[in-house]
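Coordinate-derived values only; no laboratory data. Everything numeric in this text was worked out from a predicted model, so none of it was measured. Cβ coordinates were reconstructed from backbone atoms using ideal geometry, including for glycine residues, and neighbour counts include every protein chain displayed.
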Amino acid sequence: MIDKRLALIWHPGSNGEPLTAVPLSTPPCLFDSFIINDMDASSTLFFVCDIQERFRTVIHGFDEVVASTNKMLKIAKLLECEVIVTTQKSRALGQTDPAIDLASLGSLVIGPIDKTLFSMITPEVVEHLTARPHIKTAVVMGNEAHICILQTALSLVARGYRVVVLADAVSSANAAEIPIALAQMRAAGIVVSTTESLGFQLVQDASAPVFRSFSAIIKESKDATKQALSVLIS
């Protein structure tokens, strides 16, 4: 929530702590650290937005978005994070692309939920959020960066969540839209990160029981990660 009178932006505290005011002039690097230093997998929910069959030939770097998303789904399974999945007007645009490995997640998947709203935060999704009051952080990936991703992220911020958008897992049909959308999200207090960086933040410690499995995911996706960074960010 932005307080224009005081040039402050208010962010929810963790573990029930009160809202904290951060000056809008805070440098982005410090601002991002403030938001996500206390990230915890147990209070994190993933959002996979509209990665659909019909978009395969339209979206810039579609295969890279799929690869990055599948990496995050493996991490979600490892950390037992739930994943909300949506489709946009599936009758016209098709179902979630079969290359997205939802089946491996079992009961961790919520959806796919079909929608006409551009934001993922439909009434049905709101019901799922209300039923999960422990969730503090939302991680968003999918299509399109300047439409559904942007509106989803802004909707989540308005509801008091800390929002992370993964730059190597979002795209648009027009590649030139992507950096503009990411800049707009940063200005709204949304953290723009990468799949690998976020994964390490969620695992937190090399002595964690899941670290060996997490490290294997990072190693096996090394080439795909480089490709996604090159196509979607560079």
Matching residues, segment 122-141, being touching a helix residue (DSSP H, G or I) at 6+ places or on another chain (Cβ under 7 Å) and closer than 28 Å to VAL66 by Cβ: ILE135, LYS136, THR137, ALA138, VAL139, VAL140, MET141
Segment 79-138, subset farther than 24 Å from PHE55 by Cα and polar (S, T, N, Q), residue surrounded by the fewest Cβ atoms within 10 Å (Cβ to Cβ): SER107
Residue list for segment 216-230, restricted to those being part of a helix (DSSP H, G or I) and under 16 Å from THR194 (Cα atoms): ILE217, ILE218, LYS219, LYS222, ASP223, ALA224, THR225, LYS226, GLN227, ALA228, LEU229, SER230
Failed criterion for THR57 (all others in (1) within 22 Å of MET185 (Cβ to Cβ); (2) without any contact (Cβ under 8 Å) to a residue 12 or more places away in the chain hold): (1)
First in segment 125-142 and closer than 14 Å to VAL192 by Cα, second anywhere and among the acidic types (Asp, Glu), Cβ under 7 Å, 6 or more apart: GLY142/ASP50
Flag if VAL165 is buried (at least 24 other Cβ atoms within 10 Å of the Cβ), assigned to a strand (DSSP E or B) and of a type in the set (A, V, I, L, M): yes
